[in-house]
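Just below is one structure, and these are the notes that go with it.
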Amino acid sequence: FGKLSQKAVDAASCLGMITMPNRNPDTYINAGIAVQRLWLQATELNIALQPMSISSFLFARIDDDQFEGIEEIRSGVIDKYKIVKQLAKLDTNEKDIFFFRLSKVDEPSVYALRRNVEDVLIIK
């Protein structure tokens, strides 16, 4: 993990990972559904969910043996991935798809302005 990711991990109340049996398009759709449900439930409980996307992207490149453009950090990423897999007790056939951190937060004091769906969604 880079310095920013390491600080985020160190400050997290909890780390989590969505795993799937493989990395194919259907798996990513199902993982997205799981993430959406998790995120909505966390929000309802005043728990902030922050994706740690760079980790998931780098770990997928290890599984695919694709290091073009990141050769200089290859060994460090591989070492971190081994640690994460060991800590998460991943089976050899399990693939980490989405890595995130959770933190307890107060009720929001300001809400984002939202447009009505009808104003932005056009169905023809």
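The values are calculated or read from the model by the stated rules, or taken from the named source; none is laboratory data. Here the structure is a predicted model, which is why all the values come from computation and not from measurement. Because the Cβ atoms are built from the backbone with ideal geometry, glycine has one as well, and the counts that use them run over all protein chains shown. Only protein heavy atoms, including side chains, enter the accessible area calculation; ligands, DNA and RNA are left aside. Shrake-Rupley method; radii C 1.70, N 1.55, O 1.52, S 1.80 Å.
Here are some notes:
- Nitroxide proxy distance, nm - points 7 Å out along Cα→Cβ at E71 and I123: 5.2 nm
- The GluC sites (Glu not before Pro) of the range 20-124 meeting both criteria, a DSSP state outside H, G, I, E and B (loop) and at most 13 other C-beta atoms within 10 angstrom of the site's C-beta, are E68.
- Cα gyration tensor shape of the range 34-93, rounded if a/c is under 1.5, else prolate or oblate by comparing a/b with b/c: prolate
- Length added when fully stretched, K89-E44, from 0.36 nm per residue minus Cα-Cα: 13.3 nm
- Column: log10 I(q)/I(0), Debye, Cα scatterers of the chain, q = 0.12 Å⁻¹: -0.58
- S109, S55, S13, S103, ranked by accessible area, largest first (probe 1.4 Å): S109, S13, S103, S55
- Distances between placed amide hydrogens fall under 5 Å for F98 paired with I18, all partners being 5 or more residues away or on another chain.
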